Amino acid sequence: MLKTFSMTDVGMKRQLNQDYVFTSETAVGNLPNLFIVADGMGGHNAGDYASKYTTQIIVDEITKSTETNPIKIIRGAIEVANREIREKSTEGEAFKGMGTTVVVATIIDRYLYVANVGDSRLYVLDEDINQITRDHSLVEEMVRMGEIDREAARNHPDKNIITRAVGAADEVKIDFFDMKLKPGDIILMCTDGLTNMIEDEEIRMILNGQRDLVETAEELIRTANNNGGRDNIAVVLVEPFSEETSSGDFPFECV
């Protein structure tokens with residue numbers, strides 16, 4: 001049994017909300033559940049269109065997929081979305097240069113499978129907060145190369161430049177992650193409108209300090225806005241409730 005709650009907020013500085021989320025606690029095609037966060041980019045309303053349209057394509061493709069391997073199902077759906085967004089971006093100036101980040105997740109038999117393109121994130125909270133996805137951003141590349149440290153990265157002027165997005169290139173590069181979930185784990189999926197405004201440790205404290213997922217999501221967004229709210233904010237919280245213990249190897253491998 002899963003408990004979920006999601007929210008988006010335009011933030012304090014933007015006029016348009018380009019973040020989009022989708023959650024289903026029940027089956028979507030051959031996946032038993034599905035969670036998506038997307039953060040659109042592009043001028044005028046192109047970013048808003050890109051995030052929503054990409055999410056709709058992914059859901060549609062997953063719904064009709066005959067694959068049983070979740071990695072193959074999600075990979076195929078994101079690849080179709082990338083082609084569709086690329087094609088749409090050629091249809092006029094309003095769509096030129098549009099794209100979106102995307103994080104897609106599903107839970108199968110207590111195992112979490114995640115796909116990521118861009119700098120939206122998925123965390124798993126137990127006693128600590130653990131970022132599962134890896135940002136595809138210029139600043140993150142600089143951190144990995146040892147050019148700057150993590151603290152400098154938070155306030156770097158180029159921190160919003162991403163190196164991968166759905167719709168940015170003819171071939172989309174997707175990172176996949178998997179992990180075994182434990183009783184008590186909480187999953188947080190979010191856009192950079194949250195993580196640029198709140199440090200990971202404060203996110204952990206908020207996740208641990210609220211009565212339920214609704215209060216947690218509201219407090220995360222409230223805190224991000226109180227800290228400046230410079231961007232749209234999207235939050236998806238998932239609490240995998242299951243009494244039984246599970247063991248064994250991953251039924252599917254991220255390849």
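Nothing in this text is a laboratory measurement; each read-out follows from the coordinates by a stated rule. Note that the structure is a prediction, hence the values are computed from the model and not measured. All Cβ positions, even for glycine, are placed from backbone atoms using ideal geometry, and neighbour counts span all protein chains on display.
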Alpha-carbon Rg with Dmax, taken over the stretch 1-147, Å | 16.0, 49
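Mean separation of Cα pairs under 8 Å and 6+ residues apart, divided by the residue count of the stretch 1-98: what relative contact order is that in percent?
Reported relative contact order: 24 percent.
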Kindly write out, for the stretch 172-183 in residue order, the coupling ³J(HN,Hα) from the Karplus curve 6.51 cos²θ - 1.76 cosθ + 1.60 (θ = phi - 60°), rounded to whole Hz, with x marking Gly and Pro.
-> 8, 9, 10, 8, 10, 9, 9, 6, 8, 8, 10, x
Taking the square root of 5λ for each eigenvalue of the C-alpha gyration tensor of the stretch 1-62, the equivalent ellipsoid has semi-axes, largest first and in whole angstrom, of 25, 15, 5
Calculate the spin-label point distance for Glu141 paired with Met179, positioning each point 7 Å from the Cα along the beta-carbon direction, and give it in nanometres.
-> 2.6
What would the Debye formula give as log10 I(q)/I(0) at q = 0.16, 0.19, 0.23 Å⁻¹ for the alpha-carbon point model of the stretch 90-206, no solvent?
-> -0.84, -1.10, -1.37
Please compute the Cα-Cα pair-distance distribution of the chain with 10 Å bins starting at 0, giving whole percents from short to long.
-> 7, 32, 38, 20, 3, 0
The chain: relative contact order from alpha carbon pairs under 8 Å, six or more residues apart, as a whole percent, is 26
Please work out how much length the chain gains when fully extended from Glu79 to Asp158, using 0.36 nm per residue of separation minus the C-alpha to C-alpha distance, in nm with one decimal.
-> 25.7 nm
About the Cα centre of the chain, what is the dipole size in debye to 20, counting +1 per Lys and Arg Cβ and -1 per Asp and Glu Cβ, all else neutral?
-> 540
Two-site label geometry, Thr26 and Glu199: point separation in nm, points 7 Å out along Cα→Cβ = 4.4
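Per-residue ellipticity at 222 nm for the chain, helices alone: DSSP H runs ≥ 4 residues times -39500 (n - 2.57), over residue total, nearest 500 deg cm²/dmol?
-9500 deg cm²/dmol
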Cα convex hull of the stretch 135-255: how many Å³ per residue?
-> 155
